[in-house]
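Please treat every number below as a calculation from the coordinates, not as lab data. Here the structure is a predicted model, which means the values were calculated and not measured. As a convention, Cβ positions derive from the backbone with ideal geometry for all residues, glycine included, and neighbour counts pool all protein chains shown.
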């Protein structure tokens, strides 16, 4: 007789097949136990898949394609909104009552598009669970588990919609000022300063805009990068046409700047090598458990002032 393979749930038809067979009672009982075991393994795999999906959100599932009008030729072009950075922050947070520290600032020109894309993403996740729940062969325990997941997603969706539509702007319109700290080299210099020295002046205005977007919380074109070198530490980037500034979030208003670069092609070995080296150094830095004292932050703020000043002055000369 045909037993379950690893892709199938136990069904009533399978049970009928067992009990209608000519096997003795002991063999039938063993076959049922075998089916129950495989069913449990499959269920646990599904739970693990959903858990991994929440913990390490893949970029391709967090990109939503929207339509936008092209005024030049009256045709429609597709625009992809990548919200993986915000999804990762939301999944890492247990406090959905403080969305103002996670979701984009209202100054962000993509504010509504980003938030609506997040809502669509959660709706898709909720629908996936509802499709699984529709399986008649689930046990009561399994159904309760998936019902709880659906409730969690609906709670998130409602919270985000209420935040988006809130007319109380006391929280939403506060201009967020974030602290920047800088990843040091082994010798105690700062990667960002070394990077800037090797970049043409023509890109300074763009880097100035990107750094300011981290400071004021608007995060221009922010994107999460899948960190294959150290999965415990998120690396993100804000980007312009060719320019990139890489950072990692330390707490709700402190961001560690890993460096910057000009990326002239979609993929290249230098870009990957750059991220690998900075990721390794990031892990070493975080392992030191740097205490963010007022003195330390003040010293880092001075670096920010000097860096912003340099970028402003040099960009005006061009």
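Taking 10 °C and 1.306 mPa s as the conditions, I'd like the Stokes-Einstein D for region 179-316 in µm²/s, using the Kirkwood hydrodynamic radius from alpha carbon pairs. List each step's numbers first, then the result.
Working: Rh = 15.2 Å.
Reported coefficient: 104 µm²/s.
Taking the Cβ-Cβ separation of residue 264 and residue 111 as r and a Förster radius of 35 Å, what is the calculated FRET efficiency to the nearest 0.05?
Details: r = 30 Å, r/R0 = 0.85.
Efficiency at R0 = 35 Å is approximately 0.75.
If you line up the Cα atoms of region 79-129 on their principal axes, what length do they span on each, largest first, in Å?
34, 30, 14
Of the peptides 274-286, 238-250, how do they stack up when ordered by the mean number of other Cβ atoms within 10 Å, highest first? Intermediate values should be presented prior to the final figure.
Numbers: 274-286: 17.3, 238-250: 20.0.
Highest-to-lowest ranking by the protection proxy: 238-250, 274-286.
Per-residue counts of other Cβ atoms within 10 Å, averaged by peptide: what ranking do you get for 117-127, 300-310, highest first?
117-127, 300-310
Return 152, 192, 214 ranked ascending by Cβ neighbour count within 10 Å, so the fewest neighbours appear first. Walk me through the numbers before you get to the answer.
Details: 152 16, 192 24, 214 21.
Neighbour counts put them in this order, fewest first: 152, 214, 192.
Just want the ordering: 273, 206, from fewest to most Cβ atoms lying within 10 Å of their own Cβ.
Placing the least packed residue first, the sequence is 273, 206.
Just subtract the alpha-carbon distance of residue 199 and residue 141 from 0.36 nm times their residue separation and send over the number in nm, one decimal. Don't skip to the end; give the middle numbers.
Working: separation 58, 0.36 × 58 = 20.88 nm, distance 5.86 nm.
Gain on stretching residue 199 to residue 141: 15.0 nm.
On a full-extension model of 0.36 nm per residue, what is the gain between residue 155 and residue 212, subtracting their alpha-carbon distance, rounded to one decimal in nm?
Working: separation 57, 0.36 × 57 = 20.52 nm, distance 3.31 nm.
Extending this stretch completely gives an extra 17.2 nm.
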